[in-house]
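The values are calculated or read from the model by the stated rules, or taken from the named source; none is laboratory data. These figures come from a predicted structure and were not determined experimentally. No Cβ is skipped: glycine too gets one built from the backbone with ideal geometry, and neighbour counts run over all protein chains shown.
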Amino acid sequence: MSNDTHTLTGHDYLSDEVWLLERQRIFRSGWLLAGAGQRLQRGNRTVVDLAGESVLLTRDLDGALHAFANVCRHRGARLCEAHDASSQGSLMCPYHAWTYALDGALIATPHLDDTEVDRSTLPLWQYHLREWHGLVFVSLNPDPPQFDAWLQEHAAEMLRFERFGLEQLVVVASTRCDIAANWKIVIENYQECLHCTRVHPELVDIVPLYRTGWVTDRERPDGGVAVTRSKESSPYRAEAPSLPGATELDHTSYYGATVFPNGFVDVTDPSVVISTLYPDGPNRTVMTMDFLFHADTLAAPGFDPQPIIDFNVLVGNQDNTVCEMVHRGVASLAFDHGVLTPKDEYVIWFTEHYRRTMGAT
Ligand code: FES
Ligand SMILES: [Fe+2]
């Protein structure tokens, strides 16, 4: 057995030059996950940083989602700094108070009447947005790739989750963490389970297959992995109504999917966790996790989503710690590349996909 399947190099992880190229070829060309759409109620807005571009997401009063450049059309001030749940259904620039409706239309320009400024020609600059069963996707490319074909190529495993009725779920909690690691290290860590026994004792306790180092069950073409619900320590122990469309097998399974380049979706009945990565340069990645449940599950007597949320945050923090350790390690002068083994099959997929995308002109 030779060791000739290589990871990316230290330069690939750490260099500013590679990061600038990634912005062009990956983050400004295709589609990017921007979390769960259910986070935004009508009349609300949020701000996301998509690889250095501040994007304003709004849900207008008719319920439609929009993505705008977070910049005022007047003299270029940043419009919003953070999520504002108390929105009054419009956006006012903090500089000269030009005001925009949540669909982007410029509706007020104090001290300037119709003869002085033509408001109809100055809506917020808009980015392409698509919603897939409640998941928000934004493209910074003025001419983005066709969405369905793109999804098929970049998030094929997630397409299987259509059956769970994700759009019917509600966001119960959202968390945010700051990881001192390159975004590719965070993705690669998600793609393998050779670290699970050592790093995630609580996880391997309820997903016994992970003790073997495999990520998926070779016997199951559906991508599922058995979850032990009965153990005292299992956060999935409580019985409550399942996800819409979940079968008996789904009820005792975990399914994971990567959304290239910046997300993961985890389904463990009755919960769905949407993790979104917001890279901020080569050395830092912000990750948000949205926890979704069906209203019937939440309404079940005695059901508490908190142990499931806590469990996922615990596993996520364990992962973040090792990702930061790798980020420090690959800075070594000696690290030209690492090696990938057959059990790293999904890391190999990611690495190849990444190299192909970066190589494209
Ligand atoms: S820059 Fe926004 S109102 Fe002037
Ligand atoms: Fe992990």
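Quick notes on this structure:
- Restricting the stretch 195-213 to residues that are in contact with a helix residue (DSSP H, G or I) (Cβ under 6 Å, 6 or more places away or on another chain) and under 14 Å from VAL227 (Cα atoms), the residue that is farthest from ligand 1 (Cβ to nearest atom) is ARG211.
- Residue check for ARG75: modelled with pLDDT of 95 or more and within 16 Å of ligand 1 (Cβ to nearest atom): yes
- Residues satisfying the stated conditions in the stretch 56-72, i.e. within 18 Å of GLN41 (Cα to Cα) and within 16 Å of ligand 1 (Cβ to nearest atom): LEU56, PHE68
- Cβ-Cβ distances below 9 Å connect the following pairs, each with a first residue in the stretch 321-343 that is of a type in the set (S, T, N, Q), a second residue that is more than 16 Å from ligand 2 (Cβ to nearest atom) and modelled with pLDDT under 95, and a separation of six or more residues or different chains: THR341/MET1; THR341/ASN3; THR341/THR5.
- Looking across the stretch 118-173, the residues that are among the small types (Gly, Ala, Ser) and either outside any strand (DSSP E or B) or farther than 21 Å from MET289 by Cβ (or both) come down to SER120, GLY134, SER139, ALA149, ALA155, ALA156, GLY165.
- Residues (buried (at least 23 other Cβ atoms within 10 Å of the Cβ) and closer than 25 Å to ILE206 by Cα) located in the stretch 276-290: THR276, MET287, ASP290
- Residue within the stretch 262-283 that is hydrophobic (A, V, I, L, M, F, W, C) and out of contact with any strand residue (DSSP E or B) (no Cβ under 6 Å at 6 or more places or on another chain) present: no
- Selection over the stretch 174-217 of residues that are surrounded by fewer than 17 Cβ atoms within 10 Å (Cβ to Cβ), of a type in the set (A, V, I, L, M) and under 19 Å from GLU345 (Cα atoms) gives a count of 1.
Per-residue answers, yes or no, for (1) farther than 20 Å from ALA51 by Cβ; (2) within 16 Å of ligand 1 (Cβ to nearest atom):
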{"position": "ILE107", "(1), (2)": "yes, yes"}
{"position": "THR121", "(1), (2)": "yes, yes"}
{"position": "ASN141", "(1), (2)": "no, no"}
{"position": "MET158", "(1), (2)": "yes, no"}
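- Selection within the stretch 232-249 - assigned to a loop (DSSP other than H, G, I, E, B) and either more than 27 Å from ALA295 (Cβ to Cβ) or among the aliphatic types (A, V, I, L, M) (or both): GLU232, SER233, ALA238, ALA240, LEU243, ALA246
- Across the stretch 188-227, the qualifying residues are those that are hydrophobic (A, V, I, L, M, F, W, C) and more than 23 Å from ILE308 (Cβ to Cβ), and the one among them that is nearest to ligand 2 (Cβ to nearest atom) is LEU194.
- GLU53 vs. criteria within 16 Å of ligand 1 (Cβ to nearest atom) and among the acidic types (Asp, Glu): no
- Among the candidates THR58, THR46, residue that is in contact with a Lys or Arg (Cβ under 6 Å, 6 or more places away or on another chain) and among the hydroxyl-bearing types (Ser, Thr, Tyr): THR58
- Filter pass, ASP60 being closer than 26 Å to GLN146 by Cβ and over 17 Å from the mean Cα position of the chain (by Cα): yes
To keep it simple, each residue is scored yes or no on (1) closer than 29 Å to GLU17 by Cβ; (2) among the polar types (S, T, N, Q).
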site: ASP178; (1), (2): yes, no
site: ILE187; (1), (2): yes, no
site: LEU194; (1), (2): no, no
site: VAL204; (1), (2): no, no
site: THR212; (1), (2): no, yes
